[in-house]
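So the structure is just underneath, and the comments pick up after that.
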Amino acid sequence: AFGIKYNINIKRAHLKRPLWELLATLLHEMTHSWQYLYGNPSKSWFHNKEFQMKLLEFGVVTDTKGCHHGLEDRRGQR
């Protein structure tokens, strides 16, 4: 609506979730933007290995459906 090329909308209801979930969701959406600009987006609805590995760099464990399964610290522990 404002002519912004890339934007992320978060529904108000999601703001009531725990902070880590909200930040993980924001990072998830930012990773879609990164992959669109610099990576190789999946041709299907699923999240490919590149997407999963990029999120894991920031400690967010996700599956091919994009569901977050928790956080992982730098030592590889959940």
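Odds and ends about this structure:
- Region 62-78 - residue that is closer than 21 Å to Asn9 by Cα and either small (Gly, Ala, Ser) or in contact (Cβ under 8 Å) with a residue 12 or more places away in the chain (or both) and, of those, most open to solvent (accessible area, probe 1.4 Å): Lys65
- Sole residue being open to solvent by 80 Å² or more (accessible area, probe 1.4 Å), closer than 19 Å to Thr64 by Cβ and not basic (Lys, Arg), chosen from Asn40, Asn9: Asn40
- Consider region 43-61 and keep the residues that are among the polar types (S, T, N, Q) and modelled with pLDDT of 90 or more. The one that is surrounded by the fewest Cβ atoms within 10 Å (Cβ to Cβ) is Asn48.
- Phe2 being open to solvent by 100 Å² or more (accessible area, probe 1.4 Å) and at pLDDT below 90: yes
- Any pair with Cβ under 8 angstrom, 6 or more apart, that starts in region 5-16 at a residue that is without any contact (Cβ under 8 Å) to a residue 12 or more places away in the chain and ends at one that is open to solvent by less than 80 Å² (accessible area, probe 1.4 Å): His14/Leu22; His14/Thr25; Leu15/Leu22
- Residues satisfying the stated conditions in region 12-33, i.e. open to solvent by 90 Å² or more (accessible area, probe 1.4 Å), of a type outside the set (D, E, K, R) and modelled with pLDDT of 90 or more: Leu15, Leu19, Leu23, Met30
The values are calculated or read from the model by the stated rules, or taken from the named source; none is laboratory data. Because the structure is a prediction, the values reported are computed rather than measured. Here Cβ is always computed from backbone atoms with ideal geometry, including for glycine, and neighbour counts include all displayed protein chains. The area values use the complete protein model at the heavy-atom level, side chains included, leaving out ligands, DNA and RNA. Shrake-Rupley method; radii C 1.70, N 1.55, O 1.52, S 1.80 Å.
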